[in-house]
Amino acid sequence: MDPIRAKGPKRRTSRDAQREETRGKLLEAARALFRDYGYEDVSVTEIGKAAGVSHTLINAYFHGKAGLLYEIVRENNAPQWPVLIETAEAKGAPVDRLWKMLDVAAHKDGHDPRLLAVMQSYAWLWPEEIERENRAERLLFKELIAKVIDAGKADGSFRPDIDSLQTARVIFAVYTWELRAIIFKDTTLEEALANMRAYIGNLILAD
């Protein structure tokens, strides 16, 4: 192979750095505006102005306002995945692993209830292509839960008659519903987690 033509790591240019900086400014501005005013009441022009860049870059970098919001969702979720995967594959008691997974996810999702409300509400309205991407991400979370349920069924701590993936879907529904309570300030995050454990424990723990 000609060493001159060999492909190495792509060189990061000043243009790449500028693009990343602009994306970061748009995400930061959108996150703050969505949190304060909701999704529908914020225009791309306002986001661009707050970021100090042209609003046309929202289309260039995120394929529109909906894509910008979904990137915020992805950024919000990204730090959870290494911990969730490690926990699901750990050797501890399955029930402890499950509670830790829910704790990690809830503390990340629930640390900013106003932004959580925006993300959850618009999740019912975003474009189909974004829903497909998010559905795949939700499925990964459910599959990790199902893996822990399989372990609990195997060691006898969970009911042997439950379907692991179907039960994981129910657990995800309980998780989502209980987080709703912190948005409306009906309960604290710790109380919501306690409610999750109570409902889910009744569903899966062996007698």
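Worth a mention:
- Only one of the numbered conditions (1) among the charged types (D, E, K, R); (2) open to solvent by 50 Å² or more (accessible area, probe 1.4 Å); (3) over 24 Å from residue 165 (Cα atoms); (4) touching a residue at least 24 places away in the same chain (Cβ under 8 Å) is not met by residue 71, and that is (2).
- Yes/no for residue 192 being under 22 Å from residue 74 (Cα atoms), in contact with an Asp or Glu (Cβ under 8 Å, 6 or more places away or on another chain) and surrounded by 15 or more Cβ atoms within 10 Å (Cβ to Cβ): no
- Residue in segment 197-204 that is in contact with a strand residue (DSSP E or B) (Cβ under 6 Å, 6 or more places away or on another chain) and either open to solvent by less than 80 Å² (accessible area, probe 1.4 Å) or not in a helix (DSSP H, G or I) (or both) present: yes
- The listed residues are 103, 41, and the only one of them that is closer than 27 Å to residue 190 by Cβ and either in contact with an Asp or Glu (Cβ under 6 Å, 6 or more places away or on another chain) or open to solvent by 40 Å² or more (accessible area, probe 1.4 Å) (or both) turns out to be 103.
- Hey, residue 76 at pLDDT below 95, closer than 22 Å to residue 171 by Cβ and assigned to a helix (DSSP H, G or I) or not: yes
- Scanning segment 187-195 for any residue that is in contact (Cβ under 8 Å) with a residue 12 or more places away in the chain and under 22 Å from residue 93 (Cβ atoms) turns up at least one such residue.
- When residue 126 is tested against (1) touching a helix residue (DSSP H, G or I) at 6+ places or on another chain (Cβ under 7 Å); (2) modelled with pLDDT of 90 or more; (3) aromatic (Phe, Trp, Tyr), just one condition goes unmet, and that condition is (2).
- Residue 114 meets the conditions (1) farther than 28 Å from residue 155 by Cβ; (2) open to solvent by less than 50 Å² (accessible area, probe 1.4 Å); (3) basic (Lys, Arg) in every case but one. The failed one is (2).
- Remark: residue 148 falls outside the filter, which requires a residue to be over 21 Å from residue 81 (Cβ atoms) and open to solvent by less than 20 Å² (accessible area, probe 1.4 Å).
- Unique match (being more than 25 Å from residue 32 (Cα to Cα), open to solvent by 40 Å² or more (accessible area, probe 1.4 Å) and at pLDDT below 95) among 135, 169, 159: 135
- Screening segment 172-189 for residues that are of a type in the set (S, T, N, Q) and surrounded by 13 or more Cβ atoms within 10 Å (Cβ to Cβ) and picking the one that is modelled with the highest pLDDT gives 176.
- Count of residues meeting criterion [of a type in the set (Lys, Arg) and more than 13 Å from the chain's Cα centre (by Cα)] in segment 115-158: 3
- Pairs, first within 29 Å of residue 69 (Cβ to Cβ) in segment 1-25, second β-branched (Val, Ile, Thr) and modelled with pLDDT of 80 or more, C-beta under 9 Å, six or more apart: 22/53; 25/53
The values are calculated or read from the model by the stated rules, or taken from the named source; none is laboratory data. Just so it is clear, the model here is predicted, and its values are computed rather than measured. Neighbour counts are summed over all protein chains in view; Cβ atoms, including those assigned to glycine, are modelled from backbone coordinates with ideal geometry. Ligands, DNA and RNA are stripped out before the accessible areas are found, and what is left, the full protein with its side chains, is counted by its heavy atoms. Shrake-Rupley method; radii C 1.70, N 1.55, O 1.52, S 1.80 Å.
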